[in-house]
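The values are calculated or read from the model by the stated rules, or taken from the named source; none is laboratory data. This is a predicted model, so every value here is computed, not measured. We place every Cβ from the backbone using ideal geometry, glycine too, and count neighbours over all the protein chains shown. Heads up: the accessible areas ignore ligands, DNA and RNA and are worked out on the full protein's heavy atoms, side chains in. Shrake-Rupley method; radii C 1.70, N 1.55, O 1.52, S 1.80 Å.
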Amino acid sequence: MAENLKMYIGGAWVDARSGDTFDSIDPATGGALATVPRGASLDVDLAVAAARRAFDGGTWGSAVAERERARILFRIAQLVAEQRQSLAELEVRDCGKPIGDALADIDEVAFMFEYYGGWATKITGDIPPVGPDAMSLVVKEPVGVCGLIVPWNYPMLMAAQKVAPALAAGCTVVLKPAEQTPLTALRMAAIAEQAGLPAGVFNVVTGFGVEAGAPLLTHPGVDKISFTGSRAIGMMIQRTCADQLKRVTLELGGKSPNIIFGDADIERAVVGSALGVFGNQGEVCSAGSRVLVHRSVYDDVLQGMTDFAAGMKLGSGLDPETTMGPLVSAAQRDRVQAYIDAGPGEGANLVFSGQRPNDPALANGYFVPPAIFEATNDIRLAREEIFGPVAAVIPFSDVDEVVRLANDTEYGLAAAIWTRDIGLALRTAKAVRAGVVWINDSQPAPTESMWGGYKQSGIGRELGPYALDTYLESKQIYINLS
Ligand code: ADP
Ligand code: MG
């Protein structure tokens, strides 16, 4: 029996006003996991009103001592850490990823609240000199009510990545989790409530994008939208938000190059590159889905990646042996499978394609085994974001060629570079038009640092102090001293 859950608005656990619900699905089995409210614009109105009251009425924001905000964020961090196992298992059930990956996500969620709790007391302004007869203070203030719309690939982590800095900055929020993965967002609300976050500061509206996400974009009570998701929706969000000049932060997709030079430590490069494209089932905005390999090591790398993929164990994410779970939904499975099926007809050579799990209990799960193609950079497999375990391997001859190939994309989120030559590594890192460049690694995203994309991979930056900035306005206070 699927559990009936409620959403969290104005400090109360509520159904949708319509009474409508939908099921969140376990992608390993296709079975219903929980029934959640199908929020829509009436519910968004209530959530925004609650967030507005909490912000304008002094429940949160500049009216609350920074150290009080900090303490509550630290308590949330503590509660997340205490519940790490159950949160990770819930995440696995809802989105499919292997339990070890989910535990790592939850640990980072806890750290994110701790990290931004620390920042809450350290947001300072500036006093630019303006001559002997005046003083000018530049102070930082929270931007207000924020609509946070997040995807399903790292459900709790992506939520925390927005909620923690927003709360630290003093904003109040309405979180709209992805319809595929609403469960850990609801648990985050329960934890925030337990941590003593006042009613209305943090609201969660569950539901579908058009029904529960879109009303946030046009609501006059929302000051800012932060979105992580697909490029198409991101573009629509920016266009829609322009009508009210809402502040917008967008973290979108990628087609990130993973560059392996001839002098690289090939064993490390192969494992790192394979994890970079197959990790989290390839459902990663920064996945190194274009594997650019110097001709001198091309055969070795192709063989190494094939061996790695062949050794991956598909199964339920709850099985500790599993290294690749199901994709999040039937729709996502069909999308990814369509790319694989079309590849050979578009000029790609399918080098390897793995096996579905043979456990009958998983027969209806949304599994897509890893696939490796030899490709050229001009075909769809190398240009479009697939968001699944599909690698396009492309040879190159020299650094100029590989930089040209790496940058020949509409996206610019990330890039990985594998070489032992530090000069070559840094020259290439500077030449690649991407917001994140890894050298001899792929995919780390430390909370203390920075994240975000060039070109069509997004607008604005997250993580570290950069995220805080996106939830703050600057105000100049000028004092005439004469
Ligand atoms: P995907 O196609 O991979 O599910 P989306 O960009 O559609 O990625 O989804 C990311 C998030 O954006 C989800 O929370 C989803 O519900 C939300 N979303 C989708 N469409 C809209 C929309 N029209 N307006 C607002 N939010 C939306
Ligand atoms: Mg689900």
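What the table shows:
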| item | result |
| --- | --- |
| Those residues of region 90-101 which are of a type outside the set (V, I, T) and within 13 Å of ligand 2 (Cβ to nearest atom), in sequence order | L90, E91, R93, D94, C95, G96, K97 |
| Residue pairs meeting the criteria (Cβ under 8 Å; at least 6 apart or on separate chains; first touching a residue at least 60 places away in the same chain (Cβ under 8 Å), in region 214-225; second within 16 Å of ligand 2 (Cβ to nearest atom) and open to solvent by less than 40 Å² (accessible area, probe 1.4 Å)) | L216/K176 |
| Conditions (1) outside any helix (DSSP H, G or I); (2) open to solvent by 20 Å² or more (accessible area, probe 1.4 Å); (3) within 16 Å of L157 (Cβ to Cβ); number of the one not met by A104 | (1) |
| Residue within region 126-134 that is assigned to a helix (DSSP H, G or I) and modelled with pLDDT of 95 or more present | no |
| Criterion: away from ligand 2 (no atom under 16 Å from the Cβ) and free of Cβ contacts under 8 Å to residues at least 12 places away in the same chain - qualifying residue of A120, A70, A81, A65 | A65 |
| Leading residue by the ranking (most open to solvent (accessible area, probe 1.4 Å)) among those in region 107-143 that are hydroxyl-bearing (S, T, Y), out of contact with any helix residue (DSSP H, G or I) (no Cβ under 6 Å at 6 or more places or on another chain) and within 20 Å of R67 (Cβ to Cβ) | T124 |
| Residues located in region 102-111, provided they are touching a residue at least 60 places away in the same chain (Cβ under 8 Å) and within 16 Å of ligand 2 (Cβ to nearest atom) | A102 |
| Single unsatisfied condition, N440 versus (1) polar (S, T, N, Q); (2) farther than 18 Å from D105 by Cβ; (3) within 20 Å of the chain's Cα centre (by Cα) | (3) |
| T21 being open to solvent by 40 Å² or more (accessible area, probe 1.4 Å) and touching a residue at least 40 places away in the same chain (Cβ under 8 Å) | no |
| Odd one out for R69 among (1) open to solvent by 50 Å² or more (accessible area, probe 1.4 Å); (2) over 19 Å from P326 (Cβ atoms); (3) of a type in the set (K, R) | (1) |
| Residue within region 21-44 that is within 22 Å of A166 (Cα to Cα) and assigned by TED's automatic domain parsing to the domain that holds V204 present | yes |
